[in-house]
Structures are given as C-alpha cells and as structure tokens.
1. What's the total number of residues in the range 284-343 that are in contact (Cβ under 8 Å) with a residue 60 or more places away in the chain and among the polar types (S, T, N, Q)?
2. Which of the residues spanning the range 201-252 are surrounded by 24 or more Cβ atoms within 10 Å (Cβ to Cβ), part of a strand (DSSP E or B) and free of Cβ contacts under 8 Å to residues at least 60 places away in the same chain?
3. Take the conditions in contact with a strand residue (DSSP E or B) (Cβ under 8 Å, 6 or more places away or on another chain), of a type outside the set (D, E, K, R), touching a residue at least 12 places away in the same chain (Cβ under 8 Å) and within 16 Å of the ligand (Cβ to nearest atom) and apply them to Leu276. Does it pass?
4. Does His376 satisfy the criteria of being under 30 Å from Thr28 (Cβ atoms), modelled with pLDDT of 90 or more, surrounded by fewer than 19 Cβ atoms within 10 Å (Cβ to Cβ) and under 24 Å from the mean Cα position of the chain (by Cα)?
5. Looking for whichever is touching a residue at least 60 places away in the same chain (Cβ under 8 Å) and not hydrophobic (A, V, I, L, M, F, W, C) here; the options are Gln87, Gln108. Which one fits?
6. Assess whether Leu452 counts as being closer than 19 Å to Val408 by Cβ and surrounded by fewer than 19 Cβ atoms within 10 Å (Cβ to Cβ).
7. It is to be established whether one or more residues within the range 86-101 are within 19 Å of the chain's Cα centre (by Cα) and of a type in the set (A, V, I, L, M).
8. When Thr216 is evaluated against the numbered criteria (1) modelled with pLDDT of 95 or more; (2) over 22 Å from Thr81 (Cβ atoms); (3) away from the ligand (no atom under 16 Å from the Cβ), which criterion, by number, is the only one it fails?
Amino acid sequence: MGKEIGIDLGTTNSCAAIVEGGKPRVITYKGGQSTIPSVFAIDEKGDRLVGHDAKKQAQLNPTNTVAAAKRLIGRNYHSKTIEKVKQVFTYELVEGESSEVLIKVRDQIFTLEQISSAILRKIREVAEEALGADVDQAVITVPAYFNDRQRQAVRAAGKLAGLKVLRVLNEPTAAALAYGLGKNLNQRIAVYDLGGGTFDISVIDIKERIFEVIATGGDTFLGGVDFDDRVMQWVLESFQKQHSIDLSYDRVAVQRIRDAAETAKIELSSVMRTRLHIPFISKREDGTGLDIDMELSREKLEELVGDLVERTIQTVERIYREAGAARGQIDEVLLVGGQSRMPMVQRRITEFMGKPPSKGVHPDEAVGIGASIMAHSLAGVANNDDVTLLDVLPMPIGINKTDGSMHVLFQKNQPLPDYKSRTLTTSKDNQRSIMLRIYQGESALCSENEILGTFVFNNIRPAPKGKVQIEVTFHIDSEGILNLTARDKQTGQTVESTLKLGKAKDDKPAPEPEKPVAPLPPPVAFTMPQSSMAAAIGGDAPVRPDLTEPTMGTPDAAPAPARPASLPKLASAASSDDSLWGKVTTWFRGLFAGG
Ligand code: AMP
C-alpha cells in the first residue's frame, strides 16, 4: 500500500502535503519549491509538458499551453462563463458531445479531466520522488462553491491519475483543519479564500476535533487571474492610445503582458510602485521594435481592482447573514489563497471585521496541509486522532417544474449527507420513459442555474396514464455529490435510468469534435459513476414528469437524516463508495478512442 497525500489542486498552482510522524508538512521538490504551476502544454516536438516546464514555454507557445483549466471544469460549453473565457483564453475550446468543454492542444482534443489528471499525475510523481515511496491515495481539495459536476470531474481526474481519491474536500474546510487541529479550540471562524481563480468564504465552528461548516458561499469566477486581467486591459488600452496598435489579437503579446501584469501585481504587495517593461512587443511601421515600459503604482492597481475586492466583501456579508452570525461573533478570520496577500484585501477585511485577520495559517500551504490531515485520518493510519467534519451543500439542487422554475430538493447550506424521495407519474397511456432534469444553483429559474444532467427512466411498464408511480431517491453524499435510484412503487422493481451530462437530446446537437480525443499515457481504466452513465436516449419521446403532491415531502420509506447527535468519525464514514462507480460507458469510451 502506498502513501496518502493531500493535494491542493489550484487554478494557477498546485501543492501536496503529507502527515509523517504525526506532523503535516508541505512536500518540497527539487530546488525547494513547494508548488507546481497547474499548466499543461504540448511543444512543437509533440512532447507533453506539465508544471514548471509547461509554464516556462507559455509565452512562446500560448495556443498550445493550457493554464487555469480549473475554471472550465464541469462547465457547460454554452454557459455565460465559457463565453467570457473564450475571449481571454489563449487556447482553443471545443464543444463535446454532451455540451461539455474540451480543449484543443495542437491536433489533439482533451477532456478537462484529462488535463487535470496530467497535473495530478505530475504532483504524484514529484511527491513519490521527494518521499522515496509510492503514493496511491489522496484527498483532493476543491472550492467550496463547486457544484456536483465539478466535484465529479475532479474525482474522475484523480482516478485517471491512478489515485484512490479518499475524499474531495472543500478548500476552506481544509484550511480550518490546518488552523484548528490539535489546539483544543472552541471557536467560530471564517475562512476567506481568494486564490488564483476562485473565491470562497465559509463560516466554521471548531469544537476540539469537530469541524462543522455553518454556511458557505463564493464565486468560482473570481480570483487572482481577474486581477491580472484588469492590469492587462489597462496596459492594452494605454498601448493602443499611445501607438494606435491593438495588441489584443496577438496571442503571444497577450501572454507576455499577462505574465508581466501578474509579476507587477505581486510586487505591489510589498512595494508602492513598479515598472512593467516588455521589450519588442510590436513593431513600428518602419520595422523598428516597440517596447512596453510603464509605471504602475499600488494606488492605480487598487483603482483597477477595487470593485473585485468589494465583491468579495459583499459575499462575506451575505454568508455571515446566512450563518446567522454577527461580525462580533466571528472569533478569527483566516486569509488563504495567494491573492489574499494583497494589502488592499487585508485592509478591507480589517475594516470590515474591526480587527486584523489571523496569522494562524500560511496562505499558500494551509489548504494542502489540511488535505493531508484529512488523508491521514481517512486512510485509517491515524491513532486516536481522527477528526469529525460536517460540511454543507454550497448551493441548492433541484428539478425542473413545467413552468421553468426549480423545485428545490436540497437547500443551500443544508448539512450533508442527506437524501430525499419524490414520486413521478406517467402522463400518457403506455408511456415507456420519463425524463427528469436536475439543476444546481441559487436562481429560482432552472435556465439560470447549471444543469447537472438529464435523467431518463427507461423501460417503464406499459399501463394507463397515472397508473405507474416511480419513486426516485436522490442521495447527496458527504462530498456534495448526487446519486440517484428509482423504483416502481407498485412492483418494487428498480427502474433503470440513464444520464446525459448537460443538455438533453432535444437541445441543440453538438458538432463532432474535429479529432478524436487523445489518451494520456499510461492508460488507466476509467470509470464513471453509475449515476453518470451516458447513453443514447431511446424509447418514447420523454415527457416532463408530473410530481404528485402527496409524496413531495420527506419520504416515509427513507427519512432524511438530521445531523447525528453522536457525530460519526470521518475515518469510518469515508467519502463516496467506490462500489458506486460503474462500468465505462459507451460515450466515455468514445471520447478515449483513437489518438
Ligand atoms: P493560489 O491559487 O492560492 O496559489 O493563488 C494564486 C494567486 O495568488 C495568483 O493569482 C497570484 O498572482 C496571486 N498571488 C500570489 N502571491 C501574491 C502576492 N504576494 N500578492 C498578490 N497576489 C499574489
């Protein structure tokens, strides 16, 4: 059996940690670095590069270098977020068969799970080298505000990288573990996590070894990359004003400006002014070279990004309200994520809270450290030092009603795990299938939320309309991942269901990817959760379900459990059961075929 590690899979950088001799520590690599850039590329020779090697050549090879892919994971190709991203990303996005996002690098098409798995595989390899031992189990962290699809994708990526994913853990919860474990605390804390691509805020109660999340929220599209973009836009506009040259169409120039913008932004956390100097960014009409040479002050940077920082403060206010916690009731605020090092962020938090943030955790290492503590606990190697972790659902999960509104099954901030049952009935004589769409998001309208999938219940027994009742049980596990089972109430028999990720057959058909998806060596058997099986939707034209009112409440057969009075040990209540992982689907095999 190999070792277990904690992995902070970040938008810009990733890091791994391990508990050894009862103490957690970040794994450092050759040269003492503790993080690996979350970057994947294919160079002109066709070699695949990951981490520092990929980042180093990004400026010269921007179209074949994939950075910040975590922002795309589990998203629908037609979502507004992807529309936005397409304008600023230097690499090409392609629509997959189920409206998922695929990435084209040179002539090959990759799923986001494959890109993330390449990064995870690299982390695993470097950790193995540093530790001199096999690593085959991991806890991988995700933003608390990730939805079910995004969590499943990270799980799949871990598996593809040859890791047994012990748990997908929320980043703020991991930071709280790093802060609070072993200190015998009785505190209510807030974790403000502003990383490269995402922002999360969680209110967490710590009572000795019990970590209970009270409320969580955030923005999976707000992070350091957006701060860099603001500086980049300012540079592009200034350059255009000065030279009447629009550099935004030049991908190499954009990548160079983005890198310089990030460097300047980081420098301005410790100095008041800095220079952005990028030689030979373009040419004059006479062929002579043009440089960018501009001064940027901390004051100007704060003017460019002030509204982004304010957005985070507004979210903090909202989550405190949801937690029913006044500012004075929060004992400590932990700042994690690289972007929280910006003085403006620290100043605004201090003003908002009326006291400075805690210095109790390292902003870059806390999440990885917390993940390693959890991995140690779940791998069953901890002696009497298990931790109990109670998390919440970040945003509601529900099903579509005929008027387009969402019937909420699971509420935001409700304790996990949980399950609910609903009864569907046929609305036509001899109807053979029923379709159900599942959404996650905070809007009352399904169309404004993320679609998690379209379930189709097949082979329903022929009967007059209304005479078949299908009881569907929705189970949401301790990681916030949804599974579904269905049975015919009259016969008690299980009803088979298939799931199409994203849009259903009646939505706009997706074009064929230009090239088959390229497998990442070495090949690893890949499985999808049974609940995520995709298959052709056959049978009768599916109709929207009728939800019969009498069974809309808590089911009699399967009462929804309240948070247990005696708290279960996480070590035994490990994450999603691997037995839930079914066989490879036709659809997914299709994605991996060819090369
Ligand atoms: P993380 O995802 O936690 O590794 O955070 C990475 C983000 O933090 C990137 O956008 C970095 O540019 C940003 N960052 C790192 N260090 C600093 C710093 N000292 N000041 C401001 N931003 C920083």
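The values are calculated or read from the model by the stated rules, or taken from the named source; none is laboratory data. For clarity, every value in this text was computed on a predicted model and none was experimentally measured. In this analysis, Cβ positions are derived from the backbone assuming ideal geometry, glycine residues included, and neighbour counts consider all displayed protein chains.
1. Residues meeting the conditions: 5.
2. Ile204
3. Values: in contact with a strand residue (DSSP E or B) (Cβ under 8 Å, 6 or more places away or on another chain): yes; of a type outside the set (D, E, K, R): yes; touching a residue at least 12 places away in the same chain (Cβ under 8 Å): yes; within 16 Å of the ligand (Cβ to nearest atom): yes.
Yes.
4. The answer is no for His376.
5. Details: Gln87 fails: touching a residue at least 60 places away in the same chain (Cβ under 8 Å).
Result of the check over Gln87, Gln108: Gln108.
6. Taking the combined requirement at face value, the residue does not satisfy it.
7. yes
8. With (1) modelled with pLDDT of 95 or more; (2) over 22 Å from Thr81 (Cβ atoms); (3) away from the ligand (no atom under 16 Å from the Cβ) applied to Thr216, the lone miss is (2).
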